[in-house]
Amino acid sequence: LAKTTQPISMDSYEGQEVNITCSHNNIATNDYITWYQQFPSQGPRFIIQGYKTKVTNEVASLFIPADRKSSTLSLPRVSLSDTAVYYCLVGPLGGNQGGKLIFGQGTELSVKP
Amino acid sequence: DTGVSQDPRHKITKRGQNVTFRCDPISEHNRLYWYRQTLGQGPEFLTYFQNEAQLEKSRLLSDRFSAERPKGSFSTLEIQRTEQGDSAMYLCASSRPNREGVSLNYGYTFGSGTRLTVV
């Protein structure tokens, strides 16, 4: 299973763009990269998923270089409500065997006024 | 459908007592998962069901833990003889495989969890 490494914490201010990078050096050919967001006392929530290049949705963008050994989640113009823990997951589409997800420690993003 | 529901949201119990949590998945989802999350860590997989069949259990699921999904709908997670180390958030999630039998990550929905405190 591909292991992921991401910063433990990041600070930002309202209105700034935040980029969280995740390293996954041993990503497999059939692995996808998925990011989840988790607020305190809630379950994780899917943000974005991609395989290569760039993916954008209404919430975030995901940049994946050609070698796919890392990925960057980009949150445009963050607000206080974006304060949360962000998890980078790497695995086959649909999760690992049986669909289970493997979470790392995540990045705790703190957005300040 | 309001998503994945978990009950209770909070539970405080004395060491040695038994506790049971309930999860109601999204109705058309046939896969149901239990995860445990301790402070500062990401969720850890415990077990999952496809319909009523329990197909995998993690090594984290000791003999004191048992999960059921008798009719392929709601599920219960019971912890017997609770220990202080069982204090955690217990998360339930459900998903629906697509026609090829693969669960798409963006179809994976978590509940808000049950926070257990063992005193």
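Quick look at the numbers
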item: Top-ranked residue of segment A:1-24 - restricted to ones that are part of a loop (DSSP other than H, G, I, E, B) and among the acidic types (Asp, Glu), ranked as farthest from B:GLN6 (Cα to Cα); result: A:GLU17
item: Tally, over segment B:1-16, of residues that are at pLDDT 95 or above, in contact with a strand residue (DSSP E or B) (Cβ under 8 Å, 6 or more places away or on another chain) and in a loop (DSSP other than H, G, I, E, B); result: 5
item: Cβ pairs under 9 Å, 6+ apart, first in segment A:56-69 and farther than 10 Å from A:ILE27 by Cβ, second of a type in the set (Phe, Trp, Tyr); result: A:ALA60/A:TRP35; A:LEU62/A:TRP35
item: Test: residue in segment A:75-96 that is within 14 Å of chain B (Cβ to nearest Cβ), aromatic (Phe, Trp, Tyr) and under 14 Å from the mean Cα position of the chain (by Cα); result: yes
item: Strands (runs of 3 or more DSSP E) (entirely within segment A:25-113) containing at least 1 residues that are of a type in the set (Lys, Arg) and more than 25 Å from B:ARG9 (Cβ to Cβ); result: A:53-56, A:107-112
item: Residue that is nearest to the other protein chains (Cβ to nearest Cβ) [pool: residues in segment B:30-80 that are over 16 Å from B:SER112 (Cα atoms) and touching a residue at least 60 places away in the same chain (Cβ under 8 Å)]; result: B:ARG31
item: From the options A:GLN6, A:GLN49, residue that is modelled with pLDDT of 95 or more and not charged (D, E, K, R); result: A:GLN6
item: Residues that are of a type in the set (Val, Ile, Thr), assigned to a loop (DSSP other than H, G, I, E, B) and within 14 Å of B:VAL118 (Cβ to Cβ), drawn from segment B:18-39; result: B:THR38
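Yes/no per residue for (1) surrounded by 14 or more Cβ atoms within 10 Å (Cβ to Cβ); (2) within 15 Å of B:SER73 (Cβ to Cβ):
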{"position": "B:GLN6", "(1), (2)": "yes, yes"}
{"position": "B:THR13", "(1), (2)": "yes, no"}
{"position": "B:ARG22", "(1), (2)": "yes, yes"}
{"position": "B:PRO25", "(1), (2)": "yes, yes"}
{"position": "B:GLU28", "(1), (2)": "no, yes"}
{"position": "B:GLU52", "(1), (2)": "yes, yes"}
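The values are calculated or read from the model by the stated rules, or taken from the named source; none is laboratory data. The model shown is predicted, which means the values in this text are computed figures rather than measured ones. A quick note on method: Cβ atoms are made from the backbone with ideal geometry, for glycine too, and the neighbour counts reach across all protein chains shown.
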